[in-house]
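Worksheet for the structure shown next.
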Amino acid sequence: MITGDLFNFTLFVALIGIVNIGLVGAVKLVDVLDSAFQYGIIAMIASLPLFGGAATILAATGTLSLIELSHLSLVTPMVQFASVLLLMGIAGETGIAPFYATKAEMFRTPGSPFLVIIHLSSLLVIVRAIEILLIINKPF
Amino acid sequence: MTGAEVLVPSVVSPLVVSLYKPAILVGLLTGFIGLLGIAFKKGDLTALILTDIVGFAMLIIVAAVATDLAEALVLPGLVVELAEILAISEVLMSREMRKTGKNVSLIPLPLSLDMEILETAPTFLAIILIAYGAFLSGFTGGAVAGVGILFYVLSRTIRGVPSTLWEGVAGISGVAWVLWLIGFLMFFVTPQYWLLALFLSAFGVLIKVASKVGLIGVLGREEFKREK
């Protein structure tokens with residue numbers, strides 16, 4: 001998570017999605033598995049904006065290193081578009097606000113283990129994602 | 001395309017540069033078609049298969065950048081995509097098994113392949129593959145040796161594989177992984193022992209990859225059987 005490379009971060013986010021599905025998939029309840037399946041589908045669809053955003057940033061700036069990106073002075077519309085894609089991807093992979101409905105059933109069902117891990121991993125990833133988006137876009 | 005002149009070296013022909021926009025459009029269009037398909041078809045299995053189209057769209061967008069760095073990014077993207085589809089299909093299978101109460105064998109074969117060659121040949125072929133894999137060492141060797149183990153297992157599943165054997169293989173895999181990590185650590189901590197570190201990581205990853213390839217799916221199935 002504490003990486004200096006944008007693509008490593010997107011890979012980490014994608015892996016967080018897979019691990020979350022795996023943790024929930026260990027539960028042998030049909031409702032929970034249903035919810036895990038839906039979350040998995042959303043996570044897979046979200047990998048398009050996630051990796052697409054990182055690739056677009058590479059195409060727009062020529063680098064994926066966050067240090068290099070923080071030194072760039074101008075932010076083109078392409079970078080802003082890529083940042084929106086990246087945010088969409090991260091939201092889908094971690095299952096936050098617009099996609100929360102897929103994860104809600106997982107939390108509601110009793111007996112599903114590691115709920116805190118799933119929740120905490122999403123929260124920590126979001127904090128770092130916001131930091132990375134601030135580094136790329138430099139609004140201040 | 002004002003910034004393109006700065007980023008793209010002059011040796012690249014303008015025709016190649018102009019391909020970027022169509023490639024991105026094709027990628028987004030592919031993703032859109034895939035999403036439309038998911039919206040129209042309501043079946044779980046069709047949704048899973050159609051999400052793979054969205055994954056391809058992702059690969060198109062990454063590959064559209066067309067530098068060597070982008071090429072290096074396609075592979076992890078593909079691997080993550082495959083891992084996700086494997087995980088989701090496993091969840092789907094687990095759910096269906098729970099719903100219907102039926103168990104599914106590791107390789108559902110329509111025919112009964114009870115042939116003599118499956119008893120005599122696998123050991124020989126597996127030994128050759130494992131020996132060649134050990135000679136190659138590293139990741140490639142691990143893959144070759146793993147194919148040998150996988151082949152042995154697949155041809156022996158008809159007779160049945162003892163579950164204790166798999167627990168042993170999983171243990172070896174874990175120890176090999178530690179060896180691999182120690183090898184990598186030695187590169188940084190004590191660079192003067194680089195040869196030892198190289199061999200530790202090479203053979204660690206050999207055993208690790210070999211045992212992992214041989215283990216695909218089998219441990220999960222054992223887990224499922226144990227519960228019943």
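The table below gives the values:
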{"quantity": "R0 of 45 Å, Cβ-Cβ distance B:S10-B:E116: FRET efficiency to nearest 0.05", "calculated": "0.10"}
{"quantity": "Chain A: most fluctuating residue of A:L124, A:L48, A:L58 per GNM, C-alpha cutoff 10 Å", "calculated": "A:L124"}
{"quantity": "Amide H contacts of A:D5 (H built 1.01 Å from N, under 5 Å, at least 5 apart or other chain)", "calculated": "A:L66"}
{"quantity": "Shielding of B:81-89 by partner chains, average beta-carbon count, 10 Å", "calculated": "6"}
{"quantity": "Candidates A:T61, A:T76, A:T94: whichever shows maximal mean-square fluctuation once chain A is modelled as a Gaussian network with Cα springs under 10 Å", "calculated": "A:T76"}
{"quantity": "Rel. contact order, % - alpha carbon contacts under 8 angstrom, at least six apart, the range A:6-137", "calculated": "34"}
{"quantity": "Average beta carbon contacts from partner chains per residue of A:60-70, 10 Å cutoff", "calculated": "2"}
{"quantity": "Average beta carbon contacts from partner chains per residue of B:49-58, 10 Å cutoff", "calculated": "4"}
{"quantity": "Cα-based radius of gyration of the range B:4-100 once divided by 2.2 N^0.38 Å, which approximates compact folds", "calculated": "1.40"}
{"quantity": "Violating pairs (Cα-Cα greater than 24 angstrom) within the set A:K28/A:K103; B:K21/B:K42; A:K103/B:K208; A:K103/B:K42; A:K103/B:K41", "calculated": "B:K21/B:K42; A:K103/B:K208"}
{"quantity": "Karplus 3J(HN,Hα) series, Hz, for the range A:10-21 with 6.51 cos²θ - 1.76 cosθ + 1.60 (x for Gly, Pro)", "calculated": "5, 4, 4, 4, 4, 5, 4, x, 4, 5, 4, 4"}
{"quantity": "Exposure proxy ranking, count of Cβ atoms within 10 Å, fewest first, for B:I88, B:I127", "calculated": "B:I127, B:I88"}
{"quantity": "Within chain A, helix-based [θ] at 222 nm, where runs of 4 or more DSSP H residues each add -39,500 (n - 2.57), nearest 500", "calculated": "-26000 deg cm²/dmol"}
{"quantity": "Ascending count of other beta-carbon atoms within 10 Å, so fewest first, for B:E90, B:E116, B:E81, A:E131", "calculated": "B:E116, A:E131, B:E90, B:E81"}
{"quantity": "Per principal axis, descending, Cα span of chain A in whole Å", "calculated": "52, 23, 22"}
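FYI, it's all coordinate maths here, none of it is from the lab. Bear in mind the structure is a predicted one, so any value in this text is a computation, not a measurement. Every residue, glycine among them, receives a Cβ derived from its backbone with ideal geometry; neighbour counts consider all protein chains shown.
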